[in-house]
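Notes for the one structure printed next.
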Amino acid sequence: MDKSPYIILIGIATFLVLVFIFRKNIKKAGFKILFFEGSIETHDILSAQAPISSRVQKITWGRENLRLINEIETGKSIKDLPPGIYGYDHASCVDSALKGNGKMDLTNLQKTNWYFEIRKTANDNFLVGYISKDALSKIGRGKSADLNIFAKPWNEFKNKIAVPFSAVTNSSARTIDTHGGDIRILEIVTKRAELLSS
């Protein structure tokens, strides 16, 4: 009787037991074990056939996993700050940085609705803002999506997203007039965005 199928099953079972036992150490090393991470969805966001909730990756590295820059770090360029932080910068500065023409000097206060939250991870910088449900439906359809992003929720712009700087192919900052005063928004073109829980 051939015992190789049993040996393979025993090997797989042993591997899964070891992964389960050492999952915390593996997470500390920077790996996500998707089998045990129920809060992360890793669907292909470029698949046009998938529903919106599947095309837009839900991520959990919210503010609870990042720290706000401290007073000593304010005014520093984001490139001189460590990963794992967030701060704020003016829409025009963010626009210049997205175009590669300028640097962002972060502050730890969202002074006005013209200041966007910026998150820095080990892999990329992320623009955090709010888009409409209609805009959310355009992400991941196999081509670039044009998005109007607000720094704070406004009217139908209530879906909080993070856009990797590396995924932005075009951007511009502009001012819109509202009854409550001027709001500075960013218009970007991107293929990727991640739906935030916080």
Query raised in the report: For the modelled label position 7 Å from the Cα of Lys99 along Cα-to-Cβ, which residues of the stretch 165-198 have backbone nitrogen atoms closer than 16 Å?
Result: 168-175, 185-189
Report task. Work out how much length Tyr6 to Ser166 would gain on full extension: take 0.36 nm times their residue separation and subtract the Cα-Cα distance, in nm to one decimal. Result -> 53.0 nm
Report task. Would you work out the charge dipole size for the stretch 102-186 about its Cα centre, treating the Cβ of every Lys and Arg as +1 and the Cβ of every Asp and Glu as -1, and quote it to the nearest 20 debye? Result -> 200 debye
Requested in this report: Scan around Gly84 for amide H atoms under 5 Å from its own, H built in the peptide plane at 1.01 Å from N, and keep only partners 5 or more places away or cross-chain.
Outcome: Lys120, Thr121, Ala122
Report task. Could you list which residues have their amide H under 5 Å from that of Gly102, counting only those 5 or more apart in sequence or on another chain, with H placed in the peptide plane? Result -> Ala97
Query raised in the report: What is the packing order of peptides 98-109, 173-184, taking the mean over residues of other C-beta atoms within 10 Å and listing the highest first?
Result: 98-109, 173-184
Query - Global size of the stretch 85-136 as Cα Rg and Dmax, reported in angstrom - result: 11.4, 32
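Where a number appears in this text, it was derived from the coordinates with a stated rule and is not lab data. The model shown is predicted, which means the values in this text are computed figures rather than measured ones. In this analysis, Cβ positions are derived from the backbone assuming ideal geometry, glycine residues included, and neighbour counts consider all displayed protein chains.
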